[in-house]
Amino acid sequence: MRKTRLLLLITLLTVATTVMGQNDANARRQAARKRGANVTRQTTQQPVQQPVQSQQPQATVPTTPPAPVNIENQKQYDQYIEAAQKGDAAAERKVADSFKFPSEGYIYWLRRSAEHGDQGSQNVLAFCYASGRGIGKDKKLAFDWWLKSAEQGNAASQGSVADFYLDGDVIPKNEEKAYYWYQKAAAQNEVHSLVMMGYAYEGKGIIPADPVKSFECFKKAAESGNVTGECQVAFRYFYGDGVTQDYGQAAYWFDKAIAHGDDPEEVAYWKEMSDKAKLRQQIKDKQKK
């Protein structure tokens, strides 16, 4: 039985490869970028025009997907294979996830899912192009796939597209489009974009200064455990910038940043600020008595 099932699976995969080979030869796409948590970029102004739609990305594909390695339920997998062969994007992603990342089989089915419109698959394929994981590194193709995913509302992809527009090293720099996409992603609480908008509302670029909005963006990022958000919230509580001054809250968020920080100099400075905040809070508490 197992031998018969294996032969059947190989036959199904071979048929799927033959059918899709003609379409898959046209696809060559995207490369990407690494976005760190500590962002110190300056800002830009509220964009009013939506960026143009992306064109269909092109990418090459493996000729034959190898046998999958992560099968827990053979019956369910067979159902996914059947749906995937009919072009079901969600099923194609399920099949991709049965392969080891980033094997040839994983990339094969991931790309098919992306080409059939799955925004999550488009985001991951963009990352693969950006990092060169399982596929040739190509930043332009990464951008193209991230843009397609962003246009479907994927928050992580929107943040990546914004990075490309802000940096201008792969596509022409466009700050209005960059902050258009940062705002889209931040509205979905995408942490990197919240940090970027926090800096944007400091008013050093094309976006007008708004201390309250700046604090709110950093606070949302901090509540997700982002160390940049935590230290920025701490400073704003300490100085009363965009929020009522509160030394107790300042010390709380400095301590959070200390716990998550990995730069010895930064951590030492935050420790110093935390001690100051705690001392001042103690003085205020005594004065109330």
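Translational diffusion coefficient of the stretch 174-247 (Stokes-Einstein, Kirkwood radius from Cα pairs, 10 °C, 1.306 mPa s): 132 µm²/s. Taking a label point 7 Å from the Cα of ARG280 along the Cα→Cβ vector, which residues of the stretch 196-240 have an amide N closer than 12 Å to it? Residues 234-240 qualify, since their backbone N sits under 12 Å from the label point. Summarise the accessible area of the stretch 151-248 (1.4 Å probe, protein heavy atoms) by the percent that is carbon and sulfur. Using a 1.4 Å probe with all protein chains present, the stretch 151-248 comes out at 46 percent carbon and sulfur. Which percent of Cα pairs goes in each bin when the distances of the stretch 74-128 are cut into 10 angstrom slices starting at zero? Taking all Cα pairs of the stretch 74-128, the binned fractions are 30, 57, 13, 0 percent. Counting only the Cα atoms, the stretch 139-289 fills a convex hull of 114 Å³ per residue.
Ignoring lysines fewer than eight residues from LYS184 along the same chain, the ones with Cα atoms less than 16 angstrom from its Cα are LYS148, LYS213, LYS220. Electrostatic tally near ILE207: other residues with Cβ closer than 11 Å to its Cβ, Lys and Arg +1, Asp and Glu -1, net -2. Computed from the alpha carbon positions, the gyration tensor of the stretch 114-202 leads to an equivalent ellipsoid with semi-axes of 21, 15, 10 Å, biggest first.
Estimated at 0.36 nm per residue, the fully extended path between GLU223 and ASP169 surpasses their Cα-Cα distance by 16.2 nm. Which one of ALA221, PHE127, ALA187 is farthest out on the positive end of the charge dipole of the stretch 97-247, using unit charges on Cβ (Lys, Arg +1; Asp, Glu -1) and the Cα centre as origin? The residue sitting farthest along the positive end of the dipole is PHE127.
The values are calculated or read from the model by the stated rules, or taken from the named source; none is laboratory data. Since this is a predicted model, take the numbers as computed values, not measurements. All Cβ positions, glycine included, derive from the backbone under ideal geometry; neighbour counts span all protein chains shown. These area figures cover heavy atoms from the full protein model, side chains too; ligands, DNA and RNA do not enter into them. Shrake-Rupley method; radii C 1.70, N 1.55, O 1.52, S 1.80 Å.
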